[in-house]
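What follows is a set of notes on a single structure, which appears directly below.
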Amino acid sequence: MDRLIIEATKLTPYVEFDPQLGICKLVGQFLPENAMHFFEPLFAWVQQFLRDLQKETIFQFTIQYINTSSSKCMMDLIDILDEAYCNGQKVSVQWYYDEGDESLFKCAEEFCQDIKLPFEIIALKR
Amino acid sequence: MEGQQDNLFVAEKKALEEARARLAREADKENPLYSGFQELIGHYERLLRQSSKLLRISDSQYRLLHKARNDVRNLLDNAGQGFLTFGKDLVIGREYSAECERIFGDRISKRDILDLLVASGDKQRRRSLARDLEMVFLAETQEEKQKRLMYLPSTMELDGRYIRLEYRSIEQNVGEGIWDVIMLVLTDVTEKRQTEERIRYLSYHDSLTGLYNRTYIDSQMPYLDQENQMPLSIIMGDVNGLKLTNDVFGHQEGDCLLQNFAKVISGSVRETDLIVRWGGDEFLVVLPRADQRAAEAVCKRIYKACLEFPADAIPLSIALGTATRLSSEESIQAVFKRAEDKMYSKKLIEKQASRRYIVGGLERALADRGDENQDHIDRLRSMVLKLADRLEVSEEERQELEMLASFHDIGKVGISASILNKPGSLSPEEIEIVHRHSEIGYRMAQSIGEFRLANAILAHHEHWNGAGYPRGLKGEHIPFSARVLTVADAFDAMTHIRPYRSCPLSPSAALRELQRYKGTQFEPRIVDIFIEINQSDSVER
């Protein structure tokens, strides 16, 4: 399966999903005018990827700001990963936030509620 | 926080619970819609869960944004600069820094930028600025926009304040798309500009007199060197009596003397002439397109103004020298030198006259103080001359005695009149101040070149036994003229009304006092002769 790379813009994050490395990154701010339009290729890639997944894969999210519609899409993405994990796939999430930023920490805590997927919240040192 | 969001979905949760209860009822399981209803409830439950989380995430993101906005606002409000933006409609945006309100004295949101940058009524400038701004917005590339921004005004003056204006072309993301805006940065440079002007002023002016300094005249040399400035005349002036004023009255009075000269010269020259404080007590006047006659006319006006100036103790007196440059073959420096040489030569010739003039001024000042009246001086002069005759002194000593009678208390012009004329006794501090008149008088006589007189003035309160002041000299170490004067001065003081004595002694009582202090305060031989003279005078009378 090919790598998925989408460069960051002023409104969307950098995407680098690397199946060989087993690391899928989303870094930046999520302010797309049409969230679904941005997330659709990501969902398609992830669903295809999870079908054939053999090795352990980490999803690394570093979010500076996320609008409400993107939050909905991120929840859907996490639900997909949670379901895969519940079905025995070796997936986990590492959620990075700026150390000392309480709002971003709380935001991460919301995303990891009601799921079984391993979800690690990691403070980025300044 | 979670609980607060859950309160928002009470009705929805209740409906979900009721729907679940329906699902549990055995009777409904046979209903053909049961499985569809069950699936719908599953979706509803997920939707409810997601909605609740979304609201919490959204609120936390709002707090994040709000904090970021406040942080940026604090930075801008405390940057000491005004920041504002406007679009092609030239209307100022909602957000701007606090400094903008301070500069314009009002809220500026939604105002037209032209109203703020152009004085009302200046229609031509308003049209011109509107056109220049339009050209910026019409430019297609950022590079072109930056070029156009350079045509916009870079400063403005508002109610006496100077504001520096800087512009940036910005592509602003407003959600629905990208808008072109201009960010205007306003910096109040009034204080900086005032400081620069002050520095410039100080670098070209003498801070005491406000006249130009040498640096300024050096900067003007290329201009003054031009043919069209000729004939170029120079007046060099050297103030008389500055050292005396500084020594006697202190440097504050010396500064005042120089300021008075600056006034006198300023009022005597033409508008086109440059006046320079050339050195400590030297002034220079540069007169472009002025021949020797014109320069001499200015000198005459300066001399006349000095005489007419309402001076204090030290009258205004100056030695002037002039020179005129008629040809470019002679350098300006050479003309300066000629004027300076003439000034020094004049100073030498007028030395005695200027001293007499200054001393005359001091005598008048002392007389005006009311303490040392002319009658006292005349009586003293008469007494010391009689003593001189009896003591068979040389002509030189006789002249010195006469001068001492006139000037022994000249140092009192440097003592406050309120102390000198104080009725009754003086405090120890006041006595100390009064005693300083001997030293002041000494310095005054020295500064006019009367060195023997200076020593006699310094010693005229010394006592024969060494108990006097200021140096405690004893016996014949006290200058002769001072020993003579002190006897006559004491007799006159005792026999006449003084601020500190309203009932004078009779001459015979005063003579008894002299007799009493003979050998301690006074030289015995001089007292004896003084008594003899006075007794024979009274017999003659």
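Would you call B:E308 touching a residue at least 40 places away in the same chain (Cβ under 8 Å) and surrounded by fewer than 20 Cβ atoms within 10 Å (Cβ to Cβ)?
Values: touching a residue at least 40 places away in the same chain (Cβ under 8 Å): no; surrounded by fewer than 20 Cβ atoms within 10 Å (Cβ to Cβ): yes.
When the stated conditions are applied, B:E308 does not pass them.
Checking the conditions here, which among B:E197, B:E166, B:E157, B:E144 is part of a helix (DSSP H, G or I), of a type in the set (D, E) and within 42 Å of the chain's Cα centre (by Cα)?
Checking each option against the conditions leaves just B:E197.
Which count do you get for residues in segment B:169-188 that are part of a strand (DSSP E or B) and within 23 Å of B:L75 (Cα to Cα)?
Going through segment B:169-188 one residue at a time, the tally reaches 13.
For segment B:507-517, indicate whether the set of residues that are part of a loop (DSSP other than H, G, I, E, B) and at pLDDT 90 or above is non-empty.
Taking segment B:507-517 first, the residues part of a loop (DSSP other than H, G, I, E, B) are B:517.
The next check asks that each one be at pLDDT 90 or above; those that pass are B:517.
Yes: segment B:507-517 contains one or more residues that are part of a loop (DSSP other than H, G, I, E, B) and at pLDDT 90 or above.
Any idea which of B:D247, B:D238 is acidic (D, E) and modelled with pLDDT of 90 or more?
B:D238
Restricting to segment A:64-117, what's the tally of residues that are touching a strand residue (DSSP E or B) at 6+ places or on another chain (Cβ under 6 Å), within 12 Å of chain B (Cβ to nearest Cβ) and among the aromatic types (F, W, Y)?
Qualifying residue count for the region: 2.
Just checking, which of B:L64, B:L48, B:L16 is modelled with pLDDT of 90 or more, touching an Asp or Glu at 6+ places or on another chain (Cβ under 8 Å), on the phi < 0 side of the Ramachandran plot and within 14 Å of chain A (Cβ to nearest Cβ)?
After ruling out the rest, the residue left standing is B:L48.
Considering only segment A:31-48, I want to know if a residue exists there that is surrounded by 19 or more Cβ atoms within 10 Å (Cβ to Cβ), within 10 Å of chain B (Cβ to nearest Cβ) and in a loop (DSSP other than H, G, I, E, B).
Yes, because at least one residue in segment A:31-48 is surrounded by 19 or more Cβ atoms within 10 Å (Cβ to Cβ), within 10 Å of chain B (Cβ to nearest Cβ) and in a loop (DSSP other than H, G, I, E, B).
Could you tell me which numbered condition B:G80 fails, if it satisfies all but one of (1) more than 12 Å from every other protein chain (Cβ to nearest Cβ); (2) assigned to a helix (DSSP H, G or I)?
Single failed check for B:G80: (2).
Suppose we filter segment A:3-20 for residues that are of a type in the set (A, V, I, L, M) and either part of a loop (DSSP other than H, G, I, E, B) or within 14 Å of another protein chain (Cβ to nearest Cβ) (or both); how many remain?
So the count comes out to 2.
Hey, B:E157 hits all of (1) over 18 Å from B:T190 (Cβ atoms); (2) loosely packed, with under 14 Cβ neighbours inside 10 Å; (3) not β-branched (V, I, T) but one; which does it fall short on?
Of the numbered conditions (1) over 18 Å from B:T190 (Cβ atoms); (2) loosely packed, with under 14 Cβ neighbours inside 10 Å; (3) not β-branched (V, I, T), the odd one out for B:E157 is (1).
Looking at segment B:314-328 only, could you name the residues that are surrounded by 15 or more Cβ atoms within 10 Å (Cβ to Cβ) and either modelled with pLDDT of 90 or more or touching a Lys or Arg at 6+ places or on another chain (Cβ under 8 Å) (or both)?
Residues satisfying the conditions are B:I318, B:A319, B:L320, B:G321, B:T322, B:A323, B:T324, B:R325.
Evaluate segment A:52-60: report whether one residue or more is more than 14 Å from chain B (Cβ to nearest Cβ), farther than 28 Å from B:R63 by Cα and in a strand (DSSP E or B).
Yes, that holds for at least one residue.
B:D89 passes all but one of (1) surrounded by 14 or more Cβ atoms within 10 Å (Cβ to Cβ); (2) modelled with pLDDT of 90 or more; (3) more than 25 Å from B:V189 (Cβ to Cβ); (4) away from chain A (no Cβ under 14 Å); which number fails?
Failing condition for B:D89: (1).
What is the number of the single condition among (1) touching a residue at least 40 places away in the same chain (Cβ under 8 Å); (2) within 14 Å of another protein chain (Cβ to nearest Cβ) that B:E171 does not meet?
That leaves (1) as the condition not met.
To keep it simple, each residue is scored yes or no on (1) farther than 30 Å from B:N228 by Cβ; (2) of a type in the set (S, T, Y).
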site	(1), (2)
B:A323	no, no
B:S331	no, yes
B:S345	yes, yes
B:L366	yes, no
B:D375	yes, no
B:R381	yes, no
B:V384	yes, no
B:A388	yes, no
B:E395	yes, no
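Take segment A:21-30 and flag every residue that is surrounded by 15 or more Cβ atoms within 10 Å (Cβ to Cβ) and either within 14 Å of another protein chain (Cβ to nearest Cβ) or free of Cβ contacts under 8 Å to residues at least 24 places away in the same chain (or both).
Within segment A:21-30, A:Q29, A:F30 qualify.
Residue by residue, here is whether (1) free of Cβ contacts under 8 Å to residues at least 24 places away in the same chain; (2) under 23 Å from B:H463 (Cα atoms) holds:
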residue: B:I410; (1), (2): no, yes
residue: B:V413; (1), (2): no, no
residue: B:S418; (1), (2): yes, no
residue: B:L426; (1), (2): no, yes
residue: B:E429; (1), (2): yes, yes
residue: B:I433; (1), (2): yes, yes
residue: B:S438; (1), (2): no, yes
residue: B:R443; (1), (2): no, yes
residue: B:S447; (1), (2): no, no
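Restricting to segment B:102-153, give me the number of residues that are of a type in the set (G, A, S) and surrounded by 11 or more Cβ atoms within 10 Å (Cβ to Cβ). Reasoning before the result, please.
Residues of segment B:102-153 of a type in the set (G, A, S): B:105, B:109, B:119-121, B:128, B:130, B:139.
Checking the rest, the ones that are also surrounded by 11 or more Cβ atoms within 10 Å (Cβ to Cβ) come to B:109, B:119, B:128, B:130, B:139.
Of the residues in that region, 5 qualify.
Give all pairs with beta carbons closer than 9 Å in which a residue from segment B:47-70 that is part of a helix (DSSP H, G or I) meets a residue that is surrounded by fewer than 19 Cβ atoms within 10 Å (Cβ to Cβ) and among the β-branched types (V, I, T); count only pairs at least 6 apart in sequence or on separate chains.
Close Cβ pairs satisfying both conditions: B:L54/A:T68; B:L55/A:T68; B:I57/A:T68; B:S58/A:T68; B:Q61/A:T68.
Which count do you get for residues in segment B:180-223 that are crowded, with 17+ Cβ neighbours inside 10 Å, among the hydrophobic types (A, V, I, L, M, F, W, C) and under 30 Å from B:L348 (Cα atoms)?
2
Do we find that B:K346 is at pLDDT below 90, of a type in the set (D, E, K, R) and part of a helix (DSSP H, G or I) in this structure?
yes
The values are calculated or read from the model by the stated rules, or taken from the named source; none is laboratory data. Computed from a predicted structure; not experimentally measured. So basically every Cβ, Gly included, is an ideal-geometry build from the backbone, and we count neighbours across all protein chains shown.
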